[in-house]
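Student: Shown below is the structure under consideration.
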């Protein structure tokens, strides 16, 4: 047995580990709301794992990954996703903090702090990567 | 007076509003070092953006910089890397906060983990939505 696509293989392993973790949590506190998530994780995990172990499928995946058009679309999508994440995290931060202050509920304030952290992480990572690429090129 | 660069103009206004809010907070709750820093950063940056957007020459410069192929490629690469970095960081922190919160039975940590989970889900969904949009647009 040989691994032809390491990234796919480890994604599969991670998904299956997540499914196992959910199953373990289900055994402890009931399966009611976890069955669907477990099923999705198992199906995706097995599919990734088999694709990572098959020569033909790994080749297909690699060709698709290296395709110029696919790369362009992925890059465009991820840069757009970063901008959307920044805007939504900022809005969430404000909403949670206002809700926390209005309702005097600590839960909302904690969630607002988490959203603020995510916003800061997105802004700072953008700043540092800009500096990195400015220096590199 | 004409606005030559709308995005910079509104960004300048937004930054000046934030500076104004920091002044209002200082008047209401007293001066703090943090608020002074916020004001000192926001005020000049907002004013610069505003004035640049009202000047024809500066707006032209800004627009040319945005259209420059090399700059665009660099920005694109930086955004992609930044998206991956921030997603991984938020995902790892979510697991850590939820795990530690459950272990020591601290509700605040669990709430923060939930906040992180919401942001993580938003970033994954935004990526998914943007992939579908871009596949349709450039496909």
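None of the figures in this text is laboratory data; all of them are computed from the coordinates on show. What you are looking at is a predicted structure, and each value in this text was computed from that prediction instead of being measured. Don't worry about glycine lacking a Cβ; one is built from the backbone with ideal geometry, like all the others, and counts go over all protein chains shown.
Student: Answer yes if at least one residue in region A:11-27 is buried (at least 17 other Cβ atoms within 10 Å of the Cβ), under 19 Å from residue B:113 (Cα atoms) and within 14 Å of chain B (Cβ to nearest Cβ), and no otherwise.
Tutor: The answer is yes; a qualifying residue exists.
Student: Take the conditions exposed (fewer than 14 other Cβ atoms within 10 Å of the Cβ) and either facing chain B (nearest Cβ under 8 Å) or part of a helix (DSSP H, G or I) (or both) and apply them to residue A:126. Does it pass? Outline the logic, then answer.
Tutor: On the way: exposed (fewer than 14 other Cβ atoms within 10 Å of the Cβ): no; either facing chain B (nearest Cβ under 8 Å) or part of a helix (DSSP H, G or I) (or both): yes.
No.
Student: Only one of these is within 9 Å of another protein chain (Cβ to nearest Cβ) and surrounded by 14 or more Cβ atoms within 10 Å (Cβ to Cβ): A:88, A:97. Name it. Don't jump to the end; show me each part of the working.
Tutor: Details: A:97 fails: within 9 Å of another protein chain (Cβ to nearest Cβ).
Result: A:88 is the single residue among A:88, A:97 that is within 9 Å of another protein chain (Cβ to nearest Cβ) and surrounded by 14 or more Cβ atoms within 10 Å (Cβ to Cβ).
Student: Still on this structure: Quick one: which residue in A:75, A:121, A:91 is part of a helix (DSSP H, G or I), without any contact (Cβ under 8 Å) to a residue 40 or more places away in the chain, within 22 Å of the chain's Cα centre (by Cα) and over 30 Å from residue A:15 (Cβ atoms)?
Tutor: Details: A:75 fails: over 30 Å from residue A:15 (Cβ atoms); A:121 fails: over 30 Å from residue A:15 (Cβ atoms).
After ruling out the rest, the residue left standing is A:91.
Student: Could you look through region B:80-97, keep only residues that are surrounded by fewer than 18 Cβ atoms within 10 Å (Cβ to Cβ) and more than 8 Å from chain A (Cβ to nearest Cβ), and pick out the one that is nearest to residue A:71 (Cα to Cα)? Even if it seems obvious, please write down each step before you answer.
Tutor: So in region B:80-97, the residues surrounded by fewer than 18 Cβ atoms within 10 Å (Cβ to Cβ) come out as B:84, B:88, B:91-92, B:95-96.
From the residues that got through so far, the ones that are more than 8 Å from chain A (Cβ to nearest Cβ) too are B:88, B:91-92, B:95-96.
Values: B:88: 20, B:91: 24, B:92: 26, B:95: 30, B:96: 32 Å.
Here the answer is B:88.
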